[in-house]
Amino acid sequence: MNKGPDKLEGKGKRTYITDAEREKCQKIADAFSSLEDIGILVLNAGKYGFIKLLYYQFPDGFDDAVAYTDSHKLFEDLWEDWICSQLYEIGVSMSAIHLGYEEIFQSLPKEKQEELMDKRSYFAEKAGIGFA
């Protein structure tokens with residue numbers, strides 16, 4: 001008897017987001033809404049979780065999409081997107097874009113490094129979460 005896709009067990013089992021995770025993810029998406037400026041958009045997909053759309057190119061649309069049902073993973077990935085975007089901009093302004101993000105970060109004064117890393121706590125606080 002076919003149980004249908006919603007009742008599969010094991011490897012192919014579908015994961016749906018809990019109400020608590022949906023609420024946390026929405027707050028995280030709201031906290032990182034500034035990523036829209038660089039072509040990253042996070043949308044609430046209802047019971048399926050949240051979808052991160054990446055790299056918007058007119059007129060074709062987004063190049064990639066990633067689904068999330070876990071707020072910790074969503075936060076970590078959006079944090080990574082945010083810090084990389086900042087380091088990219090710094091690299092361009094310093095004519096050091098040929099360096100990797102880690103090298104750009106290490107070349108910054110300690111105060112600037114701390115300022116960037118303090119944003120992690122800022123985003124966690126803005127999202128109302130405690131896992132910065």
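None of the figures in this text is laboratory data; all of them are computed from the coordinates on show. These numbers were taken from a predicted model, which means no experiment stands behind them. All Cβ positions, glycine included, derive from the backbone under ideal geometry; neighbour counts span all protein chains shown.
Taking the 0 to 90 degree range and rounding to the nearest ten, how far is the long axis of helix 71-93 tilted relative to the main principal axis of the chain, both from C-alpha atoms? Its long axis makes an angle of about 30 degrees. With the convex hull drawn around the C-alpha atoms of the chain, the volume per residue stands at 151 Å³. Highest mean first, the peptides 68-76, 41-49, 112-120 sorted by other C-beta atoms within 10 Å per residue fall in the order 68-76, 41-49, 112-120. Under a Cβ-only charge scheme (Lys and Arg +1, Asp and Glu -1), can you give me the dipole magnitude of the chain about the Cα centre, in debye to the nearest 20? In debye, rounded to 20, the chain gives about 740. Placing unit charges on each Cβ (+1 for Lys and Arg, -1 for Asp and Glu) gives the chain a dipole about its Cα centre, and among Ile17, Ala65, Asn44 the Cα reaching farthest toward its positive end belongs to Ile17. Per-residue Karplus couplings for segment 36-51, computed as 6.51 cos²θ - 1.76 cosθ + 1.60 with θ equal to phi - 60°, are listed in order as 4, 5, 10, x, 10, 10, 10, 10, 7, 9, x, 5, 8, x, 10, 10 Hz, Gly and Pro entered as x. Taking a Cβ cut-off of under 13 Å around Ile97, the surrounding Lys, Arg, Asp and Glu residues balance to a net charge of -2, with basic ones at +1 and acidic ones at -1. Within the shell of other residues whose beta carbon sits under 12 angstrom from the beta carbon of Glu125, the net charge comes to +3, with Lys and Arg scored +1 and Asp and Glu -1.
Pairs from the table (Lys27/Lys110; Lys52/Lys119; Lys52/Lys110) lying more than 28 angstrom apart at Cα are Lys27/Lys110; Lys52/Lys110. Against the longest alpha carbon principal axis of the chain, how many degrees, from 0 to 90 and to the nearest 10, is the axis of helix 19-31 turned? In the chain, helix 19-31 runs at an angle near 30 degrees to the longest axis.
Across the chain, Cα pairs under 8 Å and at least six residues apart give a relative contact order of 22 percent. What number comes out for the charge environment of Ala65, summing +1 per Lys or Arg and -1 per Asp or Glu over other residues with Cβ under 14 Å away? Counting the neighbours of Ala65, the net charge comes to -4. Put a plus charge on the Cβ of each Lys and Arg, a minus charge on the Cβ of each Asp and Glu, and nothing anywhere else: the dipole of segment 34-97 about its Cα centre is then about 200 debye.
Rounded to the nearest 10 degrees, the inclination of helix 110-127 to the longest alpha-carbon principal axis of the chain is 30 degrees.
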